[in-house]
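Working notes, structure below.
Where a number appears in this text, it was derived from the coordinates with a stated rule and is not lab data. Because the structure is predicted, anything quoted here is derived from the model rather than measured. In this analysis, Cβ positions are derived from the backbone assuming ideal geometry, glycine residues included, and neighbour counts consider all displayed protein chains.
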């Protein structure tokens, strides 16, 4: 590739990140983050998913790693356990609590939008090294492939949800019971925070939180009313989010020896009984229907409309910048 080609490729890759910084999620200063620990394991280079349970933290590397998770002691930042399982990982991006010393691992990344199905696997975590052979469940979108980095598990029902990583995010529900012989077809629930890189339910089931590279949004559950959107502390490439049993929110970032931060988010009072779950629409191709107990709402809610304009402005700015630079690089007569 020529020098000009390399420059243009780097520019096009950088524009989405620049747009993200041009589009704050909330007015005012970002949340302050309290450092909790720093990963000491040199093999944890791209912390993409995060779970905090039983006084331990579980993380997984971004795409490019194999089928393994790391159990970390937050008192020291040291890796105290690993779990491995057979098979070839495609693009592992997410974790979700599974109860009883286990986590769901989401091999759900699809940057090219070409996968016929994505996969989730339930594996144990804890101190010590272990090799396991767990079942893997295939998930299929009803409307074609999507890239995703967020896997959620309802603490009341155990049901899994996936959030497509798109300009306008979309929440999908897995079947209540997964069939290991699959495929298990996902169903559309509603539109949510765009470019989501991770998320988690509050342990009491009353709220869920989604994050992207610079913002976090808090939603009631099952109503999916967005009650807060805040700017997060700056991180190298913030991707992971976990909520521990006490409701503490942790954030992780890609990068070797990356720091894990604790932040305070405004959850408010529980908005609905945690035993209820939104009912996906009867037809995958139909617009998402309202959840039980929730007000009727349009496909894009009013608070979404207010938050989309800075993203649109950032997108226009990015296009203009690319156009100007491309014009400046044209050969001159």
Order of 116-125, 139-148 by packing, highest average Cβ count within 10 Å first?
-> 116-125, 139-148
How many angstrom separate the Cα center of segment 245-264 from the Cα center of segment 91-160?
-> 20
Residue 41 versus residue 78: modelled label distance in nm, points set 7 Å from Cα along the beta carbon direction | 1.3
Between residue 264 and residue 176, with labels modelled 7 Å along Cα→Cβ, what's the label distance in nm to one decimal, could you check?
-> 3.9
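Can you tell me which of 161-173, 62-74 comes out highest on packing, and rank the rest after it, using the mean Cβ neighbours within 10 Å?
Most protected by this proxy first, the peptides run 161-173, 62-74.
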Report the label-to-label distance for residue 168 and residue 127 in nanometres (one decimal), using points 7 Å from each Cα along the Cα→Cβ vector.
-> 5.0
